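Encoded as structure tokens, here's the structure I'll be asking about.
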Amino acid sequence: MVKLGIGITAAIVASLVLGYFRVRRRRRRFPVHGWLGFVALAGAEWLLFRHVEPVATYFTPIAWSAYILIADAATFAITGRSRLNDAPLSLARMALLSMPLWLIFEAYNLRLENWEYVGVPLPWAAAMLGYGWSFATITPAIFETSDLVQALLPPLAGEPWKVSRGAENAMIICGAACLIVPLVAPRAVAAHLFALVWVGFLLLLDPINRRLGLPSFLGDLSEGFRRRFYGFLTAGFICGWLWEFWNYWAAAKWHYTFPMFQNMKIFEMPVPGYLGFLPFALECFTMYVSAAWLLGWVKRIK
């Protein structure tokens with residue numbers, strides 16, 4: 001199964017590389033920070049397999065920081081725009097906000113006990129550095145990957161979706177139920193229900209974001225704009241495989257402990273669990289938009 005996982009990961013990377021060379025404008029250079037990302041990632045991989053510390057322990061945040069630089073640079077080389085080039089402060093804010101947003105899922109995990117961390121440094125400061133740095137890369141990685149995917153996608157035409165207010169109300173109610181049920185169900189039952197959390201915030205917040213005039217998938221689809229939706233959905237698939245691929249080799253890593261499919265693993269993740277990365281990416285977008293609006297970082301749009 002590890003060989004299968006490596007093959008799938010290689011196919012994903014190859015498709016991104018081929019797509020990049022298919023659409024890249026030759027007149028635009030690949031930015032320096034992208035090359036730094038490649039050097040950092042290659043160096044970290046080399047040191048990891050030689051068990052050199054502290055790289056082996058902090059491999060996950062190092063790899064994802066390098067990946068963010070590479071994805072950002074590739075997006076710039078294709079479109080002439082990127083978050084790091086055009087809005088570095090916004091990207092830094094996103095990284096800061098990524099930490100408390102992920103801690104919401106960690107709070108759920110305290111009750112549902114679906115994963116655990118091993119190999120984390122014992123000193124408190126060293127452990128907090130690893131956790132904080134890793135969590136800070138989650139939302140930026142999803143957004144940067146979505147930017148790259150959207151740059152690679154061909155033109156997408158579609159009819160506007162008509163979503164009634166009643167349908168929005170039903171989504172909000174279902175989303176709230178998805179988030180509440182795992183907290184009130186008996187622990188033995190709740191451990192099987194983390195999938196509800198992966199869709200709950202999306203169902204709850206995206207209709208609210210639309211009503212507030214904030215960026216939303218429902219707002220996009222109602223205008224016939226599908227690019228962002230497909231971009232984030234695909235970003236979840238890509239990041240999910242890369243998360244599990246790099247996590248498998250790292251010295252400090254997570255193990256999945258939920259009581260299902262433990263005999264069907266690719267890397268550390270049971271196979272059905274990979275489906276959860278798709279709605280998780282959509283959820284990252286909706287949660288970030290809501291939180292950033294509350295902080296005054298995102299404004300309403302007409």
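Looking at the stretch 111-160, which of its residues are more than 13 Å from the chain's Cα centre (by Cα), free of Cβ contacts under 8 Å to residues at least 40 places away in the same chain and under 30 Å from residue 226 (Cα atoms)?
Once the filter is applied, which keeps residues that are more than 13 Å from the chain's Cα centre (by Cα), free of Cβ contacts under 8 Å to residues at least 40 places away in the same chain and under 30 Å from residue 226 (Cα atoms), the stretch 111-160 yields 154, 155.
Could I ask something else about it? Please count how many residues of the stretch 115-152 are open to solvent by 30 Å² or more (accessible area, probe 1.4 Å), in a helix (DSSP H, G or I) and among the aromatic types (Phe, Trp, Tyr).
So the answer is 3.
Another question, if that's okay. Determine whether residue 70 is among the hydrophobic types (A, V, I, L, M, F, W, C), modelled with pLDDT of 95 or more and in contact with a Gly (Cβ under 6 Å, 6 or more places away or on another chain).
Details: among the hydrophobic types (A, V, I, L, M, F, W, C): yes; modelled with pLDDT of 95 or more: yes; in contact with a Gly (Cβ under 6 Å, 6 or more places away or on another chain): yes.
Spelling it out, residue 70 is indeed among the hydrophobic types (A, V, I, L, M, F, W, C), modelled with pLDDT of 95 or more and in contact with a Gly (Cβ under 6 Å, 6 or more places away or on another chain).
A further question follows. Give the stretch 175-192 a look and list any residue that's open to solvent by 70 Å² or more (accessible area, probe 1.4 Å) and either within 30 Å of residue 234 (Cβ to Cβ) or in a helix (DSSP H, G or I) (or both), or say none. Even if it seems obvious, please write down each step before you answer.
In the first step, residues of the stretch 175-192 are kept if they are open to solvent by 70 Å² or more (accessible area, probe 1.4 Å); the result is 180, 183-184, 186-189, 192.
Scanning the stretch 175-192 gives 180, 183, 184, 187, 188, 189, 192.
Of the conditions (1) open to solvent by 60 Å² or more (accessible area, probe 1.4 Å); (2) farther than 24 Å from residue 272 by Cβ; (3) in contact (Cβ under 8 Å) with a residue 40 or more places away in the chain; (4) among the small types (Gly, Ala, Ser), residue 164 clears all except one; give me its number.
Residue 164 satisfies every listed condition except (3).
Name the residue, out of 292, 235, 281, 176, that is more than 21 Å from the chain's Cα centre (by Cα), under 30 Å from residue 161 (Cα atoms) and modelled with pLDDT of 95 or more. Steps first, please.
Working: 292 fails: more than 21 Å from the chain's Cα centre (by Cα); 235 fails: more than 21 Å from the chain's Cα centre (by Cα); 281 fails: more than 21 Å from the chain's Cα centre (by Cα).
Result: 176 is the single residue among 292, 235, 281, 176 that is more than 21 Å from the chain's Cα centre (by Cα), under 30 Å from residue 161 (Cα atoms) and modelled with pLDDT of 95 or more.
Cβ-Cβ below 8 Å, separation at least six or inter-chain, first residue in the stretch 185-202 and without any contact (Cβ under 8 Å) to a residue 24 or more places away in the chain, second open to solvent by 30 Å² or more (accessible area, probe 1.4 Å) and assigned to a loop (DSSP other than H, G, I, E, B): which pairs?
From residues that are without any contact (Cβ under 8 Å) to a residue 24 or more places away in the chain, the pairs are 185/193.
Still on this model: Have a look at 46, 35 and point out the one that is over 27 Å from residue 120 (Cα atoms), open to solvent by 20 Å² or more (accessible area, probe 1.4 Å) and over 20 Å from the mean Cα position of the chain (by Cα). Let's see the steps before the verdict.
On the way: 46 fails: over 27 Å from residue 120 (Cα atoms).
When all the criteria are applied, what remains is 35.
The values are calculated or read from the model by the stated rules, or taken from the named source; none is laboratory data. Remember, predicted model here, so these are calculated numbers, not experimental data. Neighbour counts are summed over all protein chains in view; Cβ atoms, including those assigned to glycine, are modelled from backbone coordinates with ideal geometry. Side chains included, ligands, DNA and RNA excluded: accessible areas come from the protein's heavy atoms. Shrake-Rupley method; radii C 1.70, N 1.55, O 1.52, S 1.80 Å.
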